[in-house]
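*Asks:* I have a structure I would like to understand better, so I am pasting it below and will then ask my questions one at a time.
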Amino acid sequence: MSRSHPRGMTLMELLVASFMGVLASVAVVALFKTGLNAQFSVLYPNTAGRAARLAMDTLTDHLRSAQAITAASASSVTYTDSSGNSVRYWLSGGNLVSSTNGSPSSGTIVVEGVSALTLGYWYWNGSAWTSGIPSTLNTIGAVDVSLSATATGYTASLTSTVRLRNIIF
């Protein structure tokens, strides 16, 4: 009895089909991994940029409305706000922190992931604007703010100059 129509698959056909299935699976996994890597390569720089913008916006908005600068250094600033509160901003443990009237003494985290903060001051010396920290703090009219934020190995840096609105010369 001869078979003119064989039923089933031969071992060779089964091996070829299995190999093709494995190749298709490897291609799908590689494509998925590439997609995830692309997503993270956009996500991390955006996270660093978002933290830098938030820190810069918060600090510059509050400084802009300061009534008087009461303490100034390259890494922190203390000012009196419109309600008469003493507000301090500084960098602590990779975070931009602030305190109002010295409370809390360790500061409240304003923005996480801020890796660098540098403040520069412009003051009126009687005849010209000069950069530095003056002996008389009430002559400060502008503050240069430079900061960097880091997220998973990506760093975003921003610089801005804030003119103090409520201080008139």
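Every number here is computed from the coordinates shown, using simple stated rules; none is lab data. Everything quoted here is computed from the prediction, not taken from an experiment. As a convention, Cβ positions derive from the backbone with ideal geometry for all residues, glycine included, and neighbour counts pool all protein chains shown.
*Asks:* Taking the 0 to 90 degree range and rounding to the nearest ten, how far is the long axis of helix 11-64 tilted relative to the main principal axis of the chain, both from C-alpha atoms?
*Replies:* 10
*Asks:* Let me make sure I get this right: for region 79-169, a, b and c are the square roots of the gyration tensor eigenvalues over alpha carbons, sorted descending. Under 1.5 in a/c it's rounded, otherwise prolate if a/b > b/c, else oblate. Which is it?
*Replies:* oblate
*Asks:* Taking the Cα centre of the chain as origin, sum charge times position over the Cβ atoms of Lys and Arg (+1) and Asp and Glu (-1), and report the length of that vector in debye to the nearest 20.
*Replies:* I would put it at about 440 debye.
*Asks:* Can you give the helix-only mean residue ellipticity at 222 nm for the chain, where every DSSP H stretch with n ≥ 4 adds -39500 (n - 2.57) and the sum goes over all residues, rounded to the nearest 500 deg cm²/dmol?
*Replies:* Helix contribution divided over all residues of the chain: -12000 deg cm²/dmol.
*Asks:* If a/c stays under 1.5 just call it rounded; otherwise compare a/b with b/c (prolate if a/b is bigger, oblate if not). Do that for region 123-169, with a ≥ b ≥ c from the square roots of the Cα gyration tensor eigenvalues.
*Replies:* Taking the square roots of the gyration eigenvalues as a ≥ b ≥ c, region 123-169 is prolate.
*Asks:* Taking amide H atoms as placed 1.01 Å from N in the peptide plane, list the residues 5 or more away in sequence, or in a different chain, whose amide H sits under 5 Å from that of LEU164.
*Replies:* Under 5 Å from the amide H of LEU164: ALA142, VAL143.
*Asks:* Next question. Kindly put LEU119, LEU137 in sequence by how many other C-beta atoms sit within 10 Å of each C-beta, fewest to most.
*Replies:* So the ranking, lowest neighbour count to highest, is LEU137, LEU119.
*Asks:* Using the 2.2 N^0.38 Å rule of thumb for compact globular proteins, work out how region 66-127 stacks up: its C-alpha Rg over that value, please.
*Replies:* That ratio works out to 1.20.
*Asks:* If every alpha-carbon in the chain counts as one equal scatterer, what log10 I(q)/I(0) does Debye give at q = 0.09, 0.10, 0.14 1/Å?
*Replies:* -0.46, -0.52, -0.78
*Asks:* Hey, in the GNM for the chain with a 10 angstrom Cα cutoff, which one of LEU36, LEU11, LEU96 fluctuates hardest?
*Replies:* It is LEU11.
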